[in-house]
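Only one structure is covered here, and it is reproduced in the block below.
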């Protein structure tokens with residue numbers, strides 16, 4: 001497939017290329033283009049023309065889009081950029097180097113240039129950064145027949161015409177009407193009569209994660225974005241939310257695993273090393289604390305060397321239980337299932353789960369240790385230490401993310417480092433501490 | 001708010017309740033209802049009537065829906081269930097106890113009963129389980145004017161009329177046309193002339209995770225579901241995919257943390273303990289392997305007790321690095337960024353990242369150990385052991401999920417148990433093994 005495509009581009013077979021994009025969904029056509037060089041993609045666009053290539057080009061991977069722009073002749077570049085949807089275009093311009101950006105902006109009309117420059121000023125995680133300015137709108141006094149005519153004219157340039165926003169003459173959002181409502185209404189009825197006036201909207205500076213929560217709460221196909229004066233400035237559509245949800249889930253999983261959110265499966269080896277080592281060094285610091293704890297019990301360990309082989313069990317199981325509580329709480333915070341009010345019940349429950357899981361697992365481990373070492377005191381110490389450490393695990397697993405959220409930080413950020421430090425250090429301290437106290441005083445040797 | 005609502009229900013203030021649902025989005029109204037008892041929600045439905053209550057009721061939490069049904073008089077129950085969208089209704093019936101289910105099915109007409117019984121037979125993770133049968137359809141020979149008339153009639157009972165499916169007279173899916181296309185077309189044109197014939201569809205037994213990937217790939221608002229004979233049987237809409245994406249992300253995070261996917265933040269304490277202890281015991285088994293490894297080096301440890309405090313560092317850092325590689329690979333598999341072909345590069349890269357991170361972190365740790373213990377051999381052993389263990393971490397972090405996927409299992413299922421076992425046991429083995437060999441032979445004591 002790709003070879004045929006490459007050949008068609010090199011031999012200038014325009015008709016063949018037009019058939020290629022006719023036959024495939026733009027997303028699939030773009031997947032094929034992704035294997036080509038920027039020079040070849042540029043050739044493809046030149047041959048079939050920017051307007052034919054547009055939809056496919058918008059699905060091409062971002063990096064390839066950027067490189068392709070550099071290969072396009074001025075006239076074609078100008079057309080292509082003018083046709084692109086404002087949000088995609090702004091994202092692209094934002095990523096260009098200074099020189100390419102200047103070259104590109106110079107080609108555009110003033111209004112387009114200003115639109116781009118405005119869109120790229122919104123913070124990365126804000127509604128403004130994700131919205132498109134290509135929304136369909138109507139005025140309230142228009143009759144439905146006329147409204148449908150206006151939509152026919154607007155449609156080709158709009159992201160969606162299924163939700164149509166009703167604005168007054170200073171662009172303030174006053175209502176919303178769906179295309180379905182318009183189809184169902186009487187042609188001579190004014191839009192104002194059928195529009196919904198309780199419009200739910202988000203602010204341009206709202207966090208996109210919050211916007212995603214609202215859109216999934218209401219099952220909206222699109223969400224209107226307004227400025228502080230309630231003027232409509234853009235919309236966010238359901239497909240943007242698909243992307244946001246994937247990004248947010250990746251972010252939470254990465255933070256729980258102490259990974260930089262910039263890392264991707266395709267990141268180069270040196271870059272991956274550079275992104276991971278700082279987190280590993282943070283982990284090393286907490287490991288040093290745990291190590292120092294152990295070193296304080298050198299004497300006990302050298303007398304009862306069996307403790308050295310049992311202590312990783314106490315710490316390891318605590319780490320696992322801590323991760324369990326942490327993950328449940330982080331996920332519940334992300335999905336909005338708990339908020340920062342009323343979380344003492346969450347704390348209490350996770351601690352309780354730790355207590356009872358610890359009692360059960362500790363009893364089992366105590367039994368296994370008895371079978372191995374036939375020392376009832378050692379088994380008792382294991383039971384107590386594991387119970388105590390799983391209480392620590394539940395408590396910290398819940399407390400750390402809730403505290404981070406209270407401090408307005410991401411609940412997953414670095415939380416596993418804190419929790420692991422608590423369960424490692426706690427596990428060693430309780431197990432070796434109890435052993436020192438009990439074994440030394442009660443027994444002479446093991 | 002809730003108190004006013006409760007009062008209105010108890011005093012039978014119908015008008016007030018109608019205003020309540022008029023003012024709020026159904027999702028928000030349902031959130032208020034969620035604080036009421038099933039008896040009160042039933043009273044609410046009886047007062048305003050099933051057709052007015054329908055949209056709000058469909059947003060009420062699932063458990064409360066179930067309990068409310070039991071409180072409704074037969075006539076109201078019958079109306080409400082008939083009005084509900086087929087997918088929501090089938091989900092609800094599936095969860096009812098035998099008796100309630102029989103009672104409810106007996107109330108319905110034969111066609112509705114059969115529709116429900118058919119929908120509940122699809123496996124939980126299949127496209128069939130998520131689809132609705134309320135899709136809008138047309139025949140290809142119909143003119144656009146007539147098509148719009150038909151849609152006006154269909155619309156109130158359909159999940160969406162924005163995508164309209166074109167079927168032949170045996171219901172085989174032959175084309176798709178958007179409402180936008182219809183609005184833009186000439187009234188006398190037949191639908192066949194403007195429909196897209198390259199229809200992308202999924203099979204009723206396809207995995208819903210795969211369907212979600214395709215819908216986000218194509219940015220579809222709805223995806224048609226066909227049976228093995230290519231007959232249209234339902235559609236899956238974007239809002240179902242919102243739910244699927246959240247569920248899938250939760251599932252992956254839970255599996256990586258060794259949590260049962262049935263656990264929720266609201267799960268009761270005893271139930272949480274019951275769900276977590278089995279996973280903790282699996283972890284205990286792997287911890288026992290690591291513990292056994294350590295016990296094999298008792299003699300070395302009792303001679304050089306410093307090893308006991310350093311060994312958790314080697315194992316802990318390995319665990320962290322293993323989780324990093326594991327998370328990157330699991331996420332890439334979930335997002336379809338890598339498939340089971342061509343993954344030797346992934347393995348090689350993760351192992352390489354382990355090698356270089358290990359060399360860097362090991363060198364730093366070696367330096368710290370030298371500052372503490374001033375023994376160059378000990379520092380060298382630490383450096384070597386950490387490098388070796390981070391190679392193990394990268395290799396297993398990539399290999400375990402890829403192997404699970406090859407075996408057609410979930411790549412996240414139990415993978416962290418395997419990886420932790422590899423890095424714990426590997427870390428202790430390499431560090432204590434090297435120490436035994438080198439320290440004992442080269443040095444007399446430490």
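Given the condition more than 8 Å from chain B (Cβ to nearest Cβ), crowded, with 19+ Cβ neighbours inside 10 Å and not in a strand (DSSP E or B), answer yes or no: does some residue in segment A:254-265 qualify? So far as segment A:254-265 goes, yes, one or more of its residues are more than 8 Å from chain B (Cβ to nearest Cβ), crowded, with 19+ Cβ neighbours inside 10 Å and not in a strand (DSSP E or B). Within segment B:111-160, the set of residues being away from chain A (no Cβ under 14 Å) and in a loop (DSSP other than H, G, I, E, B) comprises B:120, B:121, B:122, B:123, B:124, B:125, B:131, B:133, B:139, B:140, B:141, B:142.
Looking at this structure, is residue A:251 more than 7 Å from chain B (Cβ to nearest Cβ), within 30 Å of residue B:59 (Cα to Cα), free of Cβ contacts under 8 Å to residues at least 24 places away in the same chain and surrounded by fewer than 23 Cβ atoms within 10 Å (Cβ to Cβ)? Outline the logic, then answer.
Working: more than 7 Å from chain B (Cβ to nearest Cβ): yes; within 30 Å of residue B:59 (Cα to Cα): yes; free of Cβ contacts under 8 Å to residues at least 24 places away in the same chain: no; surrounded by fewer than 23 Cβ atoms within 10 Å (Cβ to Cβ): yes.
Here the answer is no, as residue A:251 does not meet what is asked.
Does residue B:36 satisfy the criteria of being touching a helix residue (DSSP H, G or I) at 6+ places or on another chain (Cβ under 7 Å), at pLDDT 90 or above and not in a helix (DSSP H, G or I)? Here the answer is yes, as residue B:36 does meet what is asked.
Is it fair to say residue B:282 is more than 7 Å from every other protein chain (Cβ to nearest Cβ), in contact with a strand residue (DSSP E or B) (Cβ under 9 Å, 6 or more places away or on another chain) and surrounded by fewer than 22 Cβ atoms within 10 Å (Cβ to Cβ)? Talk me through it step by step, then tell me what you get.
Values: more than 7 Å from every other protein chain (Cβ to nearest Cβ): yes; in contact with a strand residue (DSSP E or B) (Cβ under 9 Å, 6 or more places away or on another chain): no; surrounded by fewer than 22 Cβ atoms within 10 Å (Cβ to Cβ): yes.
The answer is no for residue B:282.
The single condition among (1) within 14 Å of chain A (Cβ to nearest Cβ); (2) surrounded by fewer than 16 Cβ atoms within 10 Å (Cβ to Cβ) that residue B:179 does not satisfy is (2). Residues that are in contact (Cβ under 8 Å) with a residue 60 or more places away in the chain, surrounded by 21 or more Cβ atoms within 10 Å (Cβ to Cβ) and more than 7 Å from every other protein chain (Cβ to nearest Cβ) number at least 2 in the following helices (runs of 4 or more DSSP H) confined to segment B:289-385: B:306-334.
Of the residues that make up segment B:387-407, is at least one within 29 Å of the chain's Cα centre (by Cα), at pLDDT below 95 and not in a helix (DSSP H, G or I)? For segment B:387-407, residues within 29 Å of the chain's Cα centre (by Cα), at pLDDT below 95 and not in a helix (DSSP H, G or I): present. Within segment B:195-212, the residues that satisfy the criterion of being surrounded by fewer than 18 Cβ atoms within 10 Å (Cβ to Cβ) and outside any loop (DSSP other than H, G, I, E, B) are B:196, B:203, B:207, B:209, B:210.
Can you tell which of B:226, B:233, B:277 is within 9 Å of another protein chain (Cβ to nearest Cβ), farther than 24 Å from residue B:405 by Cβ and over 19 Å from the mean Cα position of the chain (by Cα)? Can you show your working first?
Numbers: B:226 fails: within 9 Å of another protein chain (Cβ to nearest Cβ); B:233 fails: within 9 Å of another protein chain (Cβ to nearest Cβ).
None of the other options fit; the residue is B:277.
Taken over segment A:9-30, the residue count meeting the criterion of being more than 17 Å from residue A:67 (Cβ to Cβ) and either within 14 Å of chain B (Cβ to nearest Cβ) or buried (at least 20 other Cβ atoms within 10 Å of the Cβ) (or both) is 12. If residue B:267 meets every condition in (1) within 20 Å of residue A:314 (Cα to Cα); (2) over 16 Å from the mean Cα position of the chain (by Cα) apart from one, which number is that one? Unmet for residue B:267, out of (1) within 20 Å of residue A:314 (Cα to Cα); (2) over 16 Å from the mean Cα position of the chain (by Cα): (1).
Answer with yes or no whether residue A:93 is modelled with pLDDT of 85 or more, buried (at least 17 other Cβ atoms within 10 Å of the Cβ) and farther than 30 Å from residue A:261 by Cβ.
Details: modelled with pLDDT of 85 or more: yes; buried (at least 17 other Cβ atoms within 10 Å of the Cβ): yes; farther than 30 Å from residue A:261 by Cβ: no.
No: the conditions fail for residue A:93.
Can you confirm whether residue A:224 is touching a residue at least 40 places away in the same chain (Cβ under 8 Å) and assigned to a loop (DSSP other than H, G, I, E, B)? Considered against the rule, which asks whether it is touching a residue at least 40 places away in the same chain (Cβ under 8 Å) and assigned to a loop (DSSP other than H, G, I, E, B), residue A:224 comes out as no.
The values are calculated or read from the model by the stated rules, or taken from the named source; none is laboratory data. Since this is a predicted model, take the numbers as computed values, not measurements. So basically every Cβ, Gly included, is an ideal-geometry build from the backbone, and we count neighbours across all protein chains shown.
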